[in-house]
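Below is one structure; the comments refer to it alone.
The values are calculated or read from the model by the stated rules, or taken from the named source; none is laboratory data. Everything numeric in this text was worked out from a predicted model, so none of it was measured. Note: ideal-geometry Cβ built from the backbone for every residue, glycine included; neighbour counts use all protein chains shown. To get the accessible areas, we keep the full protein, side chains included, count just its heavy atoms, and leave off ligands, DNA and RNA. Shrake-Rupley method; radii C 1.70, N 1.55, O 1.52, S 1.80 Å.
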Amino acid sequence: MRDQDTNFQAESPALEAWRMFRRNIPALIGVAMLSLIILATLYGSFFYGGDPFDIVWAPQEPPGMTPEFPLGTDYLGRDLVAGLLTGGGPTLAVGAAAAAITMGIGISMGALAGYYGGWVDNLLMRVTEFFQVLPALLFAMVLVTLFSPSLFTIAMAIGLVSWPQTARLTRAEFLKIKQLEYVTAARAIGARNKRIIWKVILPNALPPLIVSATLTVGVAILFEAGLSFLGLGDPNVMSWGLMIGSNREYILDAWWPVTFPGLAIFFTVFSVSLIGDGLNDAFNPKLRER
Amino acid sequence: MNTSFLLRRLGYGLLLMLGVVVLNFLLIRLAPGDPALVIAGEMGGATQEMLDSIREEYGLNKPVAVQLLLYIGNVLQGDLGESFFFNQPVSSLIAQRVLPTILLVITAQVLSIVIGVVLGVLAARKPNGVMSAFVSVFATIGYAVPVFWTGIMLVILFASIFPIFPVEGMQSVKLRDASGLVKALDILHHLVLPAFTLAVIYLAQYARLSRASMLEVLGSDYIRTARAKGASPRSVLFKHALRNAALPILTVAGLQFGNLISGALLVETVFNWPGMGRLAFESILRRDYPTIMGVLFFASGMVVVANILTDMSYRLADPRLRGKG
Amino acid sequence: MNCMSRLMGAAAGAALSVAFSVAALPVFADGGTLVLGSTQTPRHLNGAVQSGIATAVPSTQIFASLLRYDESWQPQPYLAKSWEMAEDGLSLTLQLVDNATFHDGAPVTSADVAFSIETIKENHPFKTMFAPVSEIETPDPHTVIIHLSKPHPALLLALSPALAPVLPKHLFDDGQDMKSHPLNSLPVGSGPFMVEEFTAGEAIVLKRNPNFFLEGRPKLDEIIIKIVPDTSSLLIAMENGEADIFPFMQGSQNIRRLQKAENLDVTSEGYAAVGPINWLAFNTQSPKLSDVRVRQAIAYAVDRDFITKALHRGVSAQQRGPIIESSPYFDDSIPAYDVDLDKANALMAEAGFGDGMALTIDYIPGPNEQQLNLAEYMKSQLKKIGIDITVRAAPDFPTWAGRVGGHDFEMSMDIVFNWGDPVIGVHRSYLSDNIRKGVIWSNTQQYASDKVDALLDAAAVELDEDKRRALYGEFQQIVAGDLPVYWINALPYHTSYDKRLQNAPTGIWGTMHPMDQVSWGE
């Protein structure tokens, strides 16, 4: 396998990565699954119709008993299919927003620390360690409760507790890359620090960061689900976590209202991590045999 | 390992803890809502005089800076304040809950490392074999399942449909006077489902990690030499390779500790486990601020200690790092 | 490694089977242990300074009180062996038993009784219980004379174990604030059981009091109150025999599930004195709801029958007025507002809201069946009379209490208990001088009627039972017309207990009553 690497050296890294990715079947399955899930949550309710909060049938109708409600109803008699289709949107949106916040804070902190080094590095890394010490879920719960649960506060809270790992990763990449020749060269021709950070080093540090961002989306989705399950989600917005949390009281009588949203979360995070793995392999062809 | 390193590490840990105290305090004091109203609500109602006396009693009528200094002073003396809900000091509430959480977290940690490493090593033996594929898939699945959902599914399966395991806490109250062995077995019986639930997520990560680092080590000159010298495959795998792959596993185990505590919070809630996570969750619902601050403080402290221990064992395990600052 | 894991597997298997067989052993040799499962968490164990079920259950086991009540609401001797109300109703003289001691051996004297009533008067949220008490006289260690500023027929019920525990003066009267006294968590009383252990939010272990002053009681050796916040887990524990009694159970599915269990009995007895009413509260000062016709229209639109039969699957009882229907004071002839959408729409039009209106509804977060589910039902039902409802969620109880207590609401689901006598639990919601902003379960509807004030004040001091019942009858007619709240149902509180249990606590106070006669069968 290793010999093949040399064949691609002439091509651009991105193209090479794409070729690797294209041949990675699990990753492609991930892409297909995620696209399907996103399409379903975006347009599904358009075709399927119905407010997921509406009581439409007898409570706890088992799946497969009534053709109109193929997955059955929850403890109030609300349609689970409608809930699943509508509930994915907020979950995915919070996941993506939280990942964006995580990456935003993490990359900025890591880049500054790694590039400038010295006291800047020291200070920023102390801050990073400080945030790593806080138990993430607990801290996020406190934030959400204190500032009342909404999709915005939830995304903010998840972002605030998850950025340190990204910061560390970015810093490590910057430390490595800033010693490379082309960076020294850029500095020699008088490029400003700002330019070197964002235009020279960052693009070259991107591959591992993209992988990390993908995985962060998965973690953030699980996080949102956990908060909603504990009853700290936004109660006016149907989400998968809320469906699990509000039906939990009734699991002894009805397994389906908890099981299906759980599966939905699982498949989403699963597909996201398949994609992440695929990207990882694609960016690191040498590690592919692992 | 020298003492100055340890001292520095400890001092730094203390500084972090101080930061946690300040952050907790400011967060809760500056957030909207009046703590005095919360306390009065728990007592069953309030008049203006009652509110004033509550503010006096809990020191809520002083300027925030003074309150902060008082709080730091108290924390230094081991006093985390009085719970708004329970008629007890926060420190004694936490003391009642620490051991169950540690038991759960450590069991899950050990369970996930042991099973994870065994799976990872087996997979590394044949990188393209069935076991390897299984580990990859299993690792991704374990990572993608919401931990509370696993817990609920296990409750339905093993407590309701097949009532094999209890779910009402850490021990059967009817056996509270039982002798040591019976009690230990009873706790073990209660521990199975929650510990397994918590272990599943991390198990997968350790399997994946140990597979990767085993592969790396197995490809190294060092192992080639061992093989050339005629060491048996089993000896190569477990004696030589695993020892070297242990370092990254150790690092991750240390870093995971904080996440494990977060996971424990969900698991404790699902299984009624009498730990700190459930105390924190219930206190959040009751807006019992001193208890929330106390648990945050204590849990952060556990992470700091875990980090220091990881650092130390890292140094012990890797001779190259010894003596370095 | 293989060998190792096999060994571990075998060890674990053996361990489990041992643990399992031990758990299945019969545990009642003599006396035995009763495990009471509770989903509610008590703050502490002293019912003299804290209202609510969670504290009352352990408090009534630990503390004795002056009187106790039988199934037909009749007072029975407890710490008081006899009592006599003066002709004018202005004093009550009680003779204490002379063999009662606290758990630390000190005798129970009239000084303890006087101290306790004063403590309760000062600290308990139910101010009406002892407000008329002007002086407590203790002529000798076993005589107590309670002097009243006005007649107070509710006094006898207020002396129940659930409301008036007798505290040991020598331990509590040390100048500390009673509401946060350290002994509240590990109290000493004179009741049938003594606290051995209290793990906050986890368990309360109560041991038999060998020196209990009632001969041959208690029967049980031990009561363990196990707190399991998650109802499904508690149901599993009941089915598996890990817990023996589960009082204050609600949720139609839970009730029906345990009704099917072979080892368990399920009863709705034991909640007559609690009188838990689930209602829809109106903010009568809100411009949209100040018109009584709008409130009546809502009452005509909501189908109480559907709620109790369909939404609650027949386990809850309808409630038409402010006094629980199982109370002797309930007036059966009050208007029921049977569902009538035409009438409701007509009333809306009359009130000038023919084009509809928008309202918000709050609910207490927690078990959903009584609160959120009904709020959601109101939303879909009131749409039919042109009312557009927004359900306002509260993340936690303090948030909801802040809104309703602070009068910042339009409509809210609410649960209010009668607590035995109307003076204690009913008056507070309708008296205009109990409109107290910031206080939950005061007159948060801000309903004010001179007529009602006068009737309630008269009923509070009326010693003649028939006349008192008539006064309450008139009161019920008026509020049923004015509708400051729309009463929906009595909470379907049920108790499930092991079939072998004898004398299960099913009196008017249920488990908030000394369980000194409860025992395991032969």
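Points to keep in mind about this one:
- Each residue of chain A gets 159 Å³ once the volume of the Cα convex hull is shared out per residue.
- Between A:Gln179 and B:Val64, the FRET efficiency estimated from the beta carbon spacing at R0 = 51 angstrom works out to 0.65.
- The magnitude of the dipole of segment C:276-490, with charges of +1 and -1 set on the Cβ of Lys/Arg and Asp/Glu and taken from the Cα centre, is near 540 debye.
- Charge sum, other residues only, whose C-beta stays under 15 Å from C:Gly275's C-beta, Lys/Arg counted +1 and Asp/Glu -1: -3
- Dmax and Rg, reported as Rg then Dmax, of segment C:276-490 (C-alpha, Å): 16.4, 51
- Ligands, DNA and RNA are left out, and with a 1.4 angstrom probe the accessible area of the protein assembly as shown is 39 Å² per residue.
- Charge dipole magnitude, Cβ of K and R +1, D and E -1 - segment C:269-317, Cα centre, debye nearest 20: 160
- Heavy atoms of A:Leu169: accessible area, 1.4 Å probe, square angstrom to 10: 60
- Burial of accessible area (probe 1.4 Å, heavy atoms of protein chains only) in segment C:378-427, relative to its chain alone, reaches at least 40 Å² for C:Ala393, C:Pro395, C:Asp396, C:Pro398.
- Take the accessible area of chain B alone and of chain A alone, subtract that of the pair, and you get about 4200 Å² summed over both chains, using a 1.4 Å probe.
- Delta accessible area of at least 30 Å² on complex formation, residues of segment C:214-261, 1.4 Å probe, chain isolated as reference: C:Ile224, C:Lys226, C:Pro229, C:Asp230, C:Ser232, C:Ser233, C:Ile236, C:Asn240, C:Glu242, C:Gln253, C:Arg257
- Carbon + sulfur, % of accessible area of segment B:133-237 - ligands and nucleic acids excluded, 1.4 Å: 70
- The protein assembly as shown: radius of gyration over Cα atoms, expressed as a fraction of 2.2 N^0.38 Å: 1.02
- Annotation: A:Phe267 carries an accessible surface of approximately 90 Å², with a 1.4 Å probe and no ligand, DNA or RNA atoms counted.
- The listed residues C:Glu222, C:Glu410, C:Glu84 rank as C:Glu84, C:Glu410, C:Glu222 when sorted by accessible area, largest first, using a 1.4 Å probe.
- Dipole axis of chain C (+1 Lys, Arg; -1 Asp, Glu on Cβ), positive-most option in C:Leu157, C:Gln253, C:Leu431: C:Gln253
- If you sort the three axes of the alpha carbon gyration tensor as a ≥ b ≥ c, you get a/c of 1.5 or more for segment A:1-149 and a/b no higher than b/c, which makes it oblate.
- Farthest towards the positive end of the charge dipole of the protein assembly as shown, among the residues C:His124, B:Ala241, C:Pro367, is the Cα of B:Ala241, using unit charges on the Cβ of Lys, Arg, Asp and Glu.
- Taking the 1.4 Å solvent-accessible surface of chain A as the whole, the part contributed by carbon and sulfur is 65%.
- Accessible area of A:Phe147 (1.4 Å probe, protein heavy atoms only, ligands and nucleic acids ignored): about 90 Å².
- Reach of C:Lys384 by Cα under 28 Å, taken over lysines that are not fewer than 8 positions away in the same chain: C:Lys288, C:Lys309, C:Lys343
- Anisotropy class of segment C:398-522 from Cα gyration tensor, a/c 1.5 cut: oblate
- Surface share of carbon and sulfur [accessible, 1.4 angstrom probe, percent] for segment C:424-522: 47
- Quarter the surface of the alpha carbon convex hull of segment B:93-321 and you get the mean projected area, 15.4 square nanometres.
- Phi-based couplings in Hz for segment B:151-168 (Karplus 6.51, -1.76, 1.60; Gly and Pro marked x): x, 4, 4, 5, 4, 4, 6, 9, 10, 9, 5, 10, x, 9, 10, x, 10, 9
- Ranked by solvent-accessible area (1.4 Å probe, protein heavy atoms only, all chains present), the residues C:Lys437, C:Lys150 order from largest to smallest as C:Lys437, C:Lys150.
- Cα gyration tensor category, rounded, prolate or oblate, for chain C with a/c compared to 1.5: oblate
- Segment B:74-84 - phi-based ³J(HN,Hα) in whole Hz, Karplus 6.51/-1.76/1.60, Gly and Pro as x: 5, 4, 4, 8, x, 9, 9, x, 9, 5, 5
- Protein accessible surface hidden between C and B, which excludes ligands and nucleic acids, total in Å², probe 1.4 Å: 4300
- Principal semi-axes in Å for segment A:96-162 [√(5λ), Cα gyration tensor, largest first]: 25, 13, 7
- Sequence-distant lysines (8 or more away, or on other chains) whose Cα lies within less than 29 Å of B:Lys174: B:Lys183, C:Lys207, C:Lys219, C:Lys226, C:Lys260, C:Lys499
- Net charge of neighbours whose Cβ lies under 14 Å from the Cβ of A:Ala213, counting Lys and Arg as +1 and Asp and Glu as -1: -2
- Other protein chain C-beta atoms within 10 Å of residue C-beta, averaged over B:266-274: 4.
- Threshold 30 Å² - residues in segment A:71-86 whose accessible area is reduced by that much or more when the chain is no longer isolated, probe 1.4 Å: A:Tyr75, A:Leu76
- The protein assembly as shown, helix-only ellipticity at 222 nm - DSSP H runs n ≥ 4, -39,500 (n - 2.57), divided by all residues, nearest 500: -17000 deg cm²/dmol
- Amide proton proximity set for C:Glu197, modelled H, under 5 Å, gap of 5+: C:Val205
- Positive dipole terminus of the protein assembly as shown, leading residue within A:Val127, C:Val144, B:Phe86 (C-beta point charges): A:Val127
- Label point 7 Å beyond Cα of A:Phe47 along Cβ direction - residues of segment A:81-98 with amide nitrogen under 18 Å: A:81-89
- Surface listing: C:Leu456, A:Leu252 arranged by accessible area from highest to lowest gives A:Leu252, C:Leu456, probe 1.4 Å.
- Contact surface C-A: accessible area buried, both sides summed, square angstrom, 1.4 angstrom probe: 1500
- Taking Cβ atoms as reference points and 12 Å as the exclusive limit, the residues near C:Thr231 contribute a net charge of -3, counting Lys and Arg as +1 and Asp and Glu as -1.
- Electrostatic dipole magnitude of the protein assembly as shown [Cβ: Lys, Arg +1; Asp, Glu -1; Cα centre; debye, to 20]: 7400
- Normalising by residue count, segment C:67-170 has a Cα convex hull of 105 Å³ per residue.
- Backbone geometry of segment B:250-265 corresponds, through the Karplus equation with coefficients 6.51, -1.76 and 1.60 at θ = phi - 60°, to 3J(HN,Hα) couplings of 4, 4, 5, 4, x, 5, 6, 4, x, 5, 4, 5, 4, x, 4, 4 Hz, x marking Gly and Pro.
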